[in-house]
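*Asks:* Just passing along the structure, written as structure tokens.
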Amino acid sequence: MHWKLFSFIALAMAAMTVSSPAQAGEVVVKNESSWAIYYFYMSSTSQSEWGEDHLGSDTISTGAEHTLRKIACDSYDIKIIDEDGDECKLMNIRMGCGDSTTWAITSDMLLSCQSATASGGSGEVGGNINVVNNSNWAIHYLHMSPTSDSNWGPDKLGSSSVIAANGGRFTLSNVACDNYDIKVIDEDQDVCVMNNIRMCGSNDWTITSDALLSCQGNSQ
């Protein structure tokens, strides 16, 4: 077992039988940080060795992405080394449990992880929150900040993403376990503000038509 620096709440194991292979999928590693990623090691949490660098001769520049293919559904330990040689170790991350998923590396996550890795401390960086839009309206903007913070910060969807109506999904990566205020703006520019929402671990957070209409009425 790798030296544990972080503890994560993993998603439930995918159902398997002795006669059927484990589910496998693509993992798109997206570098949203300010530093290029030079090395990316990933091995099953049950293994004691890091194994080979998954990037090989490639790097993941700022704003770029790298696709890991045929990743078996499992919990993994991950070691990231950036352009400055700083190391980030993340433990017990659930990967490969879907046809294709995106795992984002942000500047805040990388700095927090690197600091804890360098000091030998421990703590929870966070899980992935899958925002599922089961409402009748597309979501064009999603702002989320800790309840203790007075600023909304940037739109989590960015300029190119929309969460489609009736089943669209968007993954918020590395969300620290905390209480959050959330602001959602739909295709009609109606605003919904939800306060003190607990986000902890990797799970789905669903927006329904009834909840959106009720929230919009209270947010006027």
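*Asks:* Tell me which residues, restricted to the range 175-210, are modelled with pLDDT of 90 or more, surrounded by 13 or more Cβ atoms within 10 Å (Cβ to Cβ) and charged (D, E, K, R).
*Replies:* Those that are modelled with pLDDT of 90 or more, surrounded by 13 or more Cβ atoms within 10 Å (Cβ to Cβ) and charged (D, E, K, R): Asp181, Lys183, Asp186, Glu187, Asp190.
*Asks:* On to the next question. In the range 1-42, how many are polar (S, T, N, Q), under 18 Å from the mean Cα position of the chain (by Cα) and at pLDDT below 90? Break it down into steps so the answer makes sense when it comes.
*Replies:* Taking the range 1-42 as the starting set, the residues that turn out to be polar (S, T, N, Q) are 7, 17, 19-20, 23, 31, 33-34.
From what's left, under 18 Å from the mean Cα position of the chain (by Cα): 7, 31, 33-34.
If we keep only those that are at pLDDT below 90 as well, we get 7.
Going through the range 1-42 one residue at a time, the tally reaches 1.
*Asks:* Any residue at all in the range 50-57 that is among the hydrophobic types (A, V, I, L, M, F, W, C) and closer than 18 Å to Ala104 by Cα? Break it down into steps so the answer makes sense when it comes.
*Replies:* Step one: of the range 50-57, the residues among the hydrophobic types (A, V, I, L, M, F, W, C) are 50, 55.
Narrowing further to those that are closer than 18 Å to Ala104 by Cα: 55.
Yes, the range 50-57 contains a residue that is among the hydrophobic types (A, V, I, L, M, F, W, C) and closer than 18 Å to Ala104 by Cα.
*Asks:* Right, here's the next one. Taking only pairs six or more apart or across chains, which ones have beta-carbon atoms under 9 Å, a first residue in the range 21-47 that is in a loop (DSSP other than H, G, I, E, B), and a second residue that is modelled with pLDDT under 90 and of a type in the set (S, T, N, Q)?
*Replies:* Ser33/Thr106; Ser33/Ser107; Ser34/Ser107; Trp35/Ser107; Thr45/Ser75; Thr45/Asn92; Ser46/Ser75
The values are calculated or read from the model by the stated rules, or taken from the named source; none is laboratory data. Since we're looking at a predicted model, the values are computed, not measured. So basically every Cβ, Gly included, is an ideal-geometry build from the backbone, and we count neighbours across all protein chains shown.
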